[in-house]
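This report concerns only the one structure given below.
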Amino acid sequence: MSKLAIHGGKPAKTKPFPAWPIFDERERQALNEVLESRVWWRTPGTKTLAFEREFAAFHQAKHGIAVTNGTHALEVALAALGIGAGDEVIVPNATFVATASAVLFAGALPVLVDVSADSFCIDPELAEAAITAHTKAIIPVHMGGRPADLDHLTALAEKHGIALLEDSAHAHGSEWRGRKVGAFGIGGTFSFQASKTMTAGEGGMIISNDVDFERLARSAHDCGRMPGEWFYSHFIYGSNYRLSEWQGAVLLAQLTRLDEQTARRHANGRLLDRTLGAIPGITPQSHDSRITRNGQYAYIFHYDKRAFAGVETDRFVAALEAEGIPTQAPYPPLHQLDLFTSGAYRGRLSGAQAEARHDFLADIFPNSQREAWETVWITQNALLGDEEDMMEIAAAISKIRERARDLL
């Protein structure tokens, strides 16, 4: 086996992966149409409206509301649910901070629970155990594009009379039992930030099949206006979360590729499951037979350093990147962020809740720790490659394993 690339050897991967973002004349033409129309604002425009409708329809939902980013999508959705002071919302401890900070923005308490060891999605049994009289919603995250256990989660939400709001920022086009994720509960939110599987640099979306929720979310995202009413009528508290026509135009073009790209990522992900799963010390994120399509925002696997001569995860990642395999950092556990360890989160709470002892912050969260410090995430653009690319990923990892002692 040749010398590791990190030590000057030839990289295992020499053919570049597809560049991201992908664009062509569709985006150029759409942007030029907006430019020449002189209608750059969403309210009188047509591009963002069309994107809302087409994205919602693609995800088998009746309603779509385009907003400025994925964080704002969560904030608007929580506003539409009436979440506020004294309320609690259950969120996974392994996720991007926005899942929890959106709850704090609403003045409510994000109650952190651990994820499952194999899926890195919220553990439904731990979520149910965390429900109290103050719980108003649960926000599962479809980690890396892999849907959470929506059978279990929808059942517990119905049983306890709480809202199920899917954080689908990673899960464009993902399916559970042949149905697109995002509207299994009251609704779902998506992100179009630069790394996501369709992008306009920034942007977000809320989808739903609930007419009352949609009406309140649309009002909250547009200064408290109501559809069909006078422009300067404002009926509820709202802010300006509107997406521009520029981004709506780009996302309309991006949407035309989503189905084919998602199918390719899913197929390559299952190929990697088989090839990487055969390498000692590598355990792919679990696949469930009920998942009919995984949008694969990232390809996630657990790395056991004991099978790699004790090489720490960060050293393995550096070696993997030197071999030409692109990675991105996993999320640190929320309970270990300064936001929570310093007590700064209490500044968003009020009344007794602001002073109360929040025992969940003292938990160990073993599976969140596993996700944060023992997993490797291969970026989604790599999964747009061909079968040869997937074999080269496996070859790079095998090469590192065989020369692991060189990394000590």
Requested in this report: Between the alpha-carbon centers of the range 126-172 and the range 58-109, tell me the distance in whole angstrom.
Outcome: 12
Query - Translational diffusion of the range 331-374, µm² s⁻¹ [Kirkwood Rh, Cα pairs; Stokes-Einstein; 4 °C; 1.567 mPa s] - result: 113
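May I ask you to list the trypsin sites (Lys or Arg not before Pro) in the range 350-408 that are in a DSSP loop and have at most 11 other Cβ atoms within 10 Å of their Cβ?
When the trypsin sites (Lys or Arg not before Pro) of the range 350-408 are filtered for loop state and at most 11 Cβ neighbours within 10 Å, Arg357 remain.
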Report task. Taking only the C-alpha atoms, wrap a convex hull around the range 277-408 and report its volume per residue in Å³ as a whole number. Result -> 160
Requested in this report: Compute the long axis of helix 313-322 from its Cα atoms, compare it with the longest principal axis of the Cα atoms of the chain, and write down the angle in degrees, 0 to 90, nearest 10.
Outcome: 80
Requested in this report: For helix 387-402, report the angle its Cα long axis makes with the longest principal axis of the Cα atoms of the chain; keep it between 0 and 90° and round to the nearest 10°.
Outcome: 60
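When only DSSP loop residues count, what trypsin sites (Lys or Arg not before Pro) in the range 217-250 have their Cβ near at most 16 other Cβ atoms within 10 Å?
none
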Query raised in the report: Using Cα-only point scatterers and the Debye equation, what is log10 of I(q)/I(0) for the range 92-217 at each q in 0.10, 0.17, 0.19 Å⁻¹, rounded to two decimals?
Result: -0.28, -0.88, -1.12
Report task. Mind checking which lysines have their Cα closer than 21 Å to the Cα of Lys3? Skip sequence neighbours fewer than 8 apart in that chain. Result -> Lys13, Lys15, Lys305, Lys399
Requested in this report: At q = 0.18 Å⁻¹, what is the base-10 log of I(q)/I(0) for the range 25-254 according to the Debye formula with one equal point scatterer per Cα and no solvent? Please give it to two decimals.
Outcome: -1.31
Report summary line: CD proxy, 222 nm, the chain: helix-only mean residue ellipticity via -39,500 (n - 2.57) per DSSP H run with n ≥ 4, per residue, nearest 500, stands at -11000 deg cm²/dmol
Requested in this report: Please turn the phi angles of the range 92-105 into ³J(HN,Hα) values with the Karplus equation 6.51 cos²θ - 1.76 cosθ + 1.60 (θ = phi - 60°), one per residue in order, whole Hz, x for glycine and proline.
Outcome: x, 6, 9, 5, 5, 4, 4, 4, 8, 5, 5, 5, 4, 4
Query raised in the report: Label-point separation (nm) for Trp40 and Leu408, each offset 7 Å from Cα along Cα-to-Cβ?
Result: 6.1
Query raised in the report: Once the Cα gyration tensor of the chain is found, what semi-axes does its equivalent ellipsoid get, as square roots of 5 times the eigenvalues, in whole Å, sorted largest first?
Result: 36, 28, 17
Report summary line: So, with points 7 Å from each Cα along the Cβ direction, the Ala194-Ala329 label distance in nm works out to 1.5
Requested in this report: Return Cys223, Cys121 ranked ascending by Cβ neighbour count within 10 Å, so the fewest neighbours appear first.
Outcome: Cys223, Cys121
Report summary line: Listing Met391, Met205 by rising number of other beta-carbon atoms within 10 angstrom, fewest first, gives Met391, Met205
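What list do you get for Ser37, Ser289 if you sort them by fewest beta carbons within 10 Å? Could you put the intermediate results ahead of the total?
Working: Ser37 14, Ser289 6.
Sorted ascending by nearby Cβ count, the order is Ser289, Ser37.
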Requested in this report: Counting only DSSP beta bridges with both residues in the chain, tell me the antiparallel percent, nearest 5.
Outcome: 65
Requested in this report: Treating cross-link reach as a plain straight distance, find the lysines whose alpha-carbon is under 25 Å from the alpha-carbon of Lys136, omitting any fewer than eight places away in the same chain.
Outcome: Lys62, Lys159, Lys180
Report summary line: Once Asp338 and Arg53 are pulled to full extension, the length gained, defined as 0.36 nm per residue separation minus their Cα-Cα distance, is 98.7 nm
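Quick check: from the Cα gyration tensor, does the range 225-348 come out rounded (a/c under 1.5), prolate or oblate? Could you put the intermediate results ahead of the total?
Working: a/c = 2.80, a/b = 1.58, b/c = 1.77.
Here the range 225-348 falls in the oblate category.
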**Report entry** Dipole magnitude of the range 252-299 about its Cα centre (Cβ charges: Lys, Arg +1; Asp, Glu -1), debye to nearest 20
**Finding:** 40
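Quick note: the coordinates plus some simple rules give every number you see, no bench work behind them. Everything quoted here is computed from the prediction, not taken from an experiment. Neighbour counts are summed over all protein chains in view; Cβ atoms, including those assigned to glycine, are modelled from backbone coordinates with ideal geometry.
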